[in-house]
Amino acid sequence: MRKHVFYAAAALAASAALVLSGCSGGGSGDGSSPIVVGSVNTKSGAATFPEAAQAAAAVFAAQNAKGGINGHKIDYKSLDDKGDPATASANAREIVGSDEAVAMVGSASLIECEINAKYYEQQKILSIPGVGVDTGCFDSPNISPANVGPFNDMTLTLYWGSEVAKLDNICVLLEIAGSTRPAYQKAIDKWTEITGKKPLYIDDTVPYGASDYTPYIVKAKDAGCKALAINPVEPDAIAQVKAANAQGWNDVSWLYLTSVYSDNFAKAVSDAGAGIYVPAEFYPFTDASSDINKDWRDLMTKNDIPLTSFSQGGYLAAKYFIQVAEGIKGDITRESVTKALHDMSAITNPMVGTPYTFGTAKAHDGNTAGWPIKLVTGKNAWELNGDDWITIPKK
């Protein structure tokens, strides 16, 4: 979940049209005040996710063009935490405290959930991240992401590799941000509990944004790894594959997370070794013949937003919020939105393999489905690699 320089120039384009004057924290009884909704995102730094907030902004802009929600326009505020804890904290306090947002929707950050979860609890505000990345996104009663997340995604990619592809000698290479190491270990342990299998070895020293991944690739090759399960951002994954190519390692299978699923990655890889495989968190946009992604695809294309899993997450987060908010009778306030999300029925959408709900659980990590896809080197394109969602089996 997490790319480096993805169309940064477009990061605020979609949301610019949403900025309104005279904002307040929610729809009041006068029938005209805007509904303030916010997000905290890592748009600059070592690993970035601008598409999620762009997609949410586009959804809200389209909703505003239809009259908003119950007569109230949506004022969407999307701030950049730059991957910095102090900035992430300040961003949340600006949106929640000063701007009096009714909810946080479409966030995508390396760190913000962990930094702000307690603050959201104190302020009694709920967050629907488009892309949950850090551990705080999945263990808070006030945060319920639209996506599977990197930890369940790691379990999924390992499960597909060992049980579907029948790969052995799988090694795990981890890029660690913040305090995510235990969560990744828990994801690996879950795979072990389900399958009885263990990684040949784990290397958790792999850095983000390294100038050369050759030492890590050579170590894995010399150790006898036949498949590598890795959690990188897209530029790092490209560099890792190229490092293996340079070493002549053409029989290694790559088990990546959804973070590498993009056209940019496919075009940048000239040799995929024994194959590059991903469990897509949302229905693969590779399948252009399907109508499942049509509305998302049309909206992203119209707004020049990259077609990535991150923009799918931001799109869905905004759609979920709108569907729930439209059912509120009376004023749309932080309190009424919180109650509606707590009481909501699960929303089924063909773009995801697990129905979305918020509810009152103490933690939200129930999204456990992915659609297998693979990179076809000769075509420099992704293809479906299965006929249905795969789901993490219950232990």
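Remarks
- Among the lysines of region 178-311, pairs that are 8 or more positions apart or on different chains and have alpha carbons within less than 28 Å of each other number 26.
- Mean ellipticity per residue at 222 nm, deg cm²/dmol - from DSSP H runs of n ≥ 4 across the chain, formula -39500 (n - 2.57): -10000 deg cm²/dmol
- Remark: the chain carries a charge dipole of roughly 260 debye about the Cα centre, counting +1 on each Lys and Arg Cβ and -1 on each Asp and Glu Cβ.
- Treating each Cα of region 98-154 as one equal point scatterer and applying the Debye formula with no solvent, the log10 of I(q)/I(0) at q = 0.18, 0.19, 0.20 Å⁻¹ comes out as -0.51, -0.57, -0.63.
- Rounded to 10°, Cα long-axis angle of helix 112-123 versus longest principal axis of the chain: 30
- If you sort 211, 32 by accessible surface, 1.4 Å probe, largest first, the order is 211, 32.
- Crossing angle, helix 181-195 versus the chain [Cα axis fit, 0-90 degrees, rounded to tens]: 60
- For region 72-136, the gyration tensor built on C-alpha atoms gives a rounded shape. Its axis ratio a/c (a ≥ b ≥ c) stays under 1.5.
- Fully extending the segment from residue 99 to residue 219 would add 38.1 nm, taking 0.36 nm per residue of separation and subtracting the current Cα-Cα distance.
- Extending 7 Å from Cα along the Cβ direction at residue 119 and again at residue 391 yields two label points whose distance is 3.7 nm.
- Enclosed volume per residue, in Å³, of the convex hull spanned by Cα atoms of region 199-281: 90
- Among the trypsin sites (Lys or Arg not before Pro) within region 283-383, those in coil by DSSP and having at most 12 neighbouring Cβ atoms inside 10 Å are 329, 362.
- For region 31-147, the dipole from Cβ point charges (+1 on Lys and Arg, -1 on Asp and Glu) about the Cα centre works out to 360 debye, to the nearest 20.
- Cβ crowding within 10 Å averaged over residues, with 270-277, 168-175, 218-225 ranked highest first: 168-175, 270-277, 218-225
- The label-point distance for residue 32 and residue 139, in a model that sets each label 7 Å from Cα toward Cβ, rounds to 4.8 nm.
- Three-way shape label, region 156-238, alpha-carbon gyration tensor, a/c 1.5: oblate
- Mean separation of Cα contacts under 8 Å, 6 or more apart, over the residue count of the chain: relative contact order %: 20
- Square roots of 5 times each gyration tensor eigenvalue, C-alpha, the chain, largest first, Å: 36, 20, 19
- Two-site FRET efficiency, residue 86 against residue 263, from Cβ-Cβ distance with R₀ of 25 Å, rounded to 0.05: 0.10
- Taken as Cα centroids, region 277-315 and region 71-139 sit 24 Å apart, rounded to the nearest whole angstrom.
- Remark: spin-label model distance residue 164-residue 342 equals 3.8 nm, labels positioned 7 Å along the Cα→Cβ axis.
- Length gained on full extension, residue 192 to residue 383, computed as 0.36 nm times the residue gap minus the Cα-Cα distance: 66.0 nm.
- Counting only DSSP beta bridges whose two residues both lie in the chain, roughly 35 percent are antiparallel.
- Accessible area per residue for region 53-156 is 27 Å², calculated with a 1.4 Å probe on protein heavy atoms, without ligands, DNA or RNA.
- Accessible area in square angstrom per residue, region 261-395, 1.4 angstrom probe: 45
- Between residue 174 and 203, 204, 205, 206, the built amide H atoms are under 5 Å apart, and every one of these is 5 or more places off in sequence or on another chain.
- Angle between the chain longest axis and helix 334-343 axis [Cα atoms, degrees, rounded to 10]: 50
- Qualifying chymotrypsin sites (Phe, Trp or Tyr not before Pro) in region 175-261, DSSP loop, other Cβ atoms within 10 Å at most 10: none
- When the square roots of the Cα gyration tensor eigenvalues are ordered a ≥ b ≥ c, the ratio a/c for region 250-294 is 1.5 or more and a/b exceeds b/c, which makes its shape prolate.
- For the chain, with all protein chains in place and a probe radius of 1.4 Å, 50% of the accessible heavy-atom surface sits on carbon or sulfur.
The values are calculated or read from the model by the stated rules, or taken from the named source; none is laboratory data. Every value quoted in this text rests on a predicted model; they were computed, and no experiment measured them. Glycine gets a Cβ as well: all are built from the backbone with ideal geometry, and neighbour counts include every protein chain shown. The protein model used for the area step is the full one, side chains on, heavy atoms only, and it has no ligands, DNA or RNA in it. Shrake-Rupley method; radii C 1.70, N 1.55, O 1.52, S 1.80 Å.
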